[in-house]
Amino acid sequence: TEYGWRADELAENIHQENPNLPGALYSIRAKLQRTHQKIVDKTNLVFSELIDKQGLEKVNLEFSGMKTEQYLVNSDRVAFVIVDALRFELGKRISRNLNEGEPVERAQVIASKSSIPTITSLGMSYALPGVSRLETSVNKTNNGLSIKTPGSSIDLSTKTGRIKWLKKKFSLKDSSFINIEEILDYRETKTKRLGKNLFVFGKDFDDEGHQGKLQITGAANLVDRYSNAVRKLRSLGYSKIIIVTDHGYFHWESDEGEIEEKPDGNIISSSRRYVIGHNLVHSQSLKLKVSGSQIECLTPRSINVYKTYGGMGFFHGGTTLQEY
């Protein structure tokens with residue numbers, strides 16, 4: 001959170017496509033790309049070992065929901081921008097954009113942690129204002145996860161459930177919820193006004209990442225897009241604008257040596273970056289608990305993946321620095 005994010009930012013320049021790159025530099029760029037990926041692997045291997053030996057309790061970070069409820073209990077107009085898969089260094093870049101030309105530092109980045117596994121349903125639940133503890137169980141209907149705050153019957157595993165929870169907890173109306181596309185085009189009139197407390201939802205990073213577009217073009221356009229959304233919200237009278245996310249991501253094209261067989265045991269849910277279940281066995285994986293439960297979660301060490309389905313170079317669900 002102090003220095004590592006700078007490497008992720010600089011690396012984007014050497015991985016994205018550049019049609020103007022002179023032919024003589026292609027071999028040099030390929031060498032830089034390989035070197036960077038070795039650094040990412042080595043760094044996350046050390047991170048994996050630390051987590052394995054010391055546990056996640058040693059990571060002295062809070063969930064983002066713990067830090068944000070204070071902003072909804074005062075009289076200010078406050079906007080939350082909830083972004084799927086916003087990697088830490090992208091937050092730093094948005095902050096830098098917003099501070100450019102300002103007489104004082106207006107935008108700050110505060111590090112928080114993701115859930116285990118680093119997936120949207122859990123990460124977004126822990127990003128809700130005021131959430132510090134969840135009760136996570138197996139949903140026997142769809143063999144997924146059911147996520148609830150203590151004493152509540154609302155399942156937070158879907159966006160619909162999370163909106164329902166926010167409406168109930170903070171007495172919000174439909175005018176408090178809007179998508180990023182709508183806010184950028186928004187024109188306030190007497191018949192179309194936004195709520196005092198506003199939640200803006202965006203999933204561009206996740207969408208473009210899974211499509212493979214982010215790896216080719218880089219994230220500069222989306223960084224500008226969210227910077228502009230914050231400026232727009234400020235012009236609409238929101239005195240505080242808080243961007244929160246569920247998890248980060250990393251790009252990788254795994255080779256044969258980085259693909260492992262899936263763990264054995266009673267598997268409830270799985271992807272290339274995690275396996276959830278009971279009595280799980282795998283000699284090369286981190287064995288952790290699903291956030292908010294005693295259900296086991298195995299994640300590959302470093303950038304390794306499980307052999308499930310192929311061809312995807314945009315990863316989240318595991319425990320790397322970029323994701324967590």
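Select from Asn142, Ser269, Tyr324 the residue farthest towards the positive end of the dipole of the chain; place +1 on Cβ of Lys and Arg, -1 on Cβ of Asp and Glu, and compute about the Cα centre.
Of the listed residues, the answer is Asn142.
Obtain the nm distance between the two label points defined at Glu2 and Asp264 by a simple spin-label model: each point lies 7 Å from its Cα along the Cα-to-C-beta direction.
With each label point 7 Å from Cα toward Cβ, the separation is 4.4 nm.
Quick one: Debye curve from the alpha-carbon atoms of the chain only, equal weights, vacuum; give me log10 I(q)/I(0) at q = 0.08, 0.10 Å⁻¹ to two decimals.
For the chain, the Cα-only Debye profile gives -0.39, -0.61.
What is the extension gain from Glu62 to Ser235, computed as 0.36 nm multiplied by their sequence separation minus the C-alpha to C-alpha distance, in nm to one decimal?
Here the answer is 59.2 nm.
Find which of Ile303, Ser175, Trp5 sits farthest along the positive direction of the dipole of the chain, computed with +1 on the beta-carbon of Lys and Arg, -1 on that of Asp and Glu, about the Cα centre.
Ser175
What is the magnitude of the charge dipole of the chain about its Cα centre, with +1 placed on the Cβ of each Lys and Arg, -1 on the Cβ of each Asp and Glu, and no other charges, expressed in debye to the nearest 20?
1180 debye
If the reach is capped at under 20 angstrom between alpha carbons, list the lysines near Lys164, excluding any in the same chain fewer than eight residues apart.
By straight Cα distance, Lys164 reaches Lys148, Lys173, Lys196, Lys203.
Calculate the length of the line joining the C-alpha centroid of segment 280-324 to that of segment 223-251, in whole Å.
29 Å
Normalise the Cα radius of gyration of segment 17-105 by 2.2 N^0.38 Å (N = residues in it) and let me know the number.
Computed over Cα atoms of segment 17-105, the ratio equals 1.67.
Got a number for carbon plus sulfur as a percent of the chain's accessible area, 1.4 Å probe?
49 percent
How large is the dipole of segment 193-324 about the Cα centre if only Lys and Arg carry +1 and Asp and Glu carry -1, each at its Cβ, rounded to the nearest 20 debye?
980 debye
Pull up all non-local amide H partners of Gly144: gap of 5 or more, or a different chain, and H-to-H distance under 5 Å with H placed in the peptide plane.
Here Asn139 satisfy the definition.
Taking H as built 1.01 Å from N, whose amide H comes closer than 5 Å to the amide H of Phe80, not counting residues under 5 places away?
Answer set, sorted by chain and number: Leu198, Phe199, Val200, Ile242.
Among 250-260, 154-164, how do they line up by average Cβ neighbours within 10 Å per residue, starting with the highest?
Descending packing order for the listed peptides: 154-164, 250-260.
Quick one: which residues, 5+ away or cross-chain, put their amide H under 5 Å from the amide H of Lys262? H built at 1.01 Å from N.
Lys307
Can you give me the distance in nm between label points at Ser132 and Glu49, each placed 7 Å from the Cα along the Cα-to-Cβ direction?
3.5 nm
Arrange the peptides 57-70, 218-231 so that the one whose residues have, on average, the most other Cβ atoms within 10 Å appears first.
Ranking, from highest mean packing down: 218-231, 57-70.
If I take every Cα pair under 8 Å that is 6 or more residues apart in segment 1-126, average their sequence separation and divide by the length, what percent do I get for the relative contact order?
Worked out over segment 1-126, it gives 29 percent.
The values are calculated or read from the model by the stated rules, or taken from the named source; none is laboratory data. Just so you know, these numbers come straight off a predicted model, no measurement behind them. Please note: Cβ atoms are built from the backbone with ideal geometry, for glycine as well, and neighbour counts cover all protein chains shown. For the accessible areas, the whole protein counts, side chains as well, though only heavy atoms, and no ligand, DNA or RNA atoms are used. Shrake-Rupley method; radii C 1.70, N 1.55, O 1.52, S 1.80 Å.
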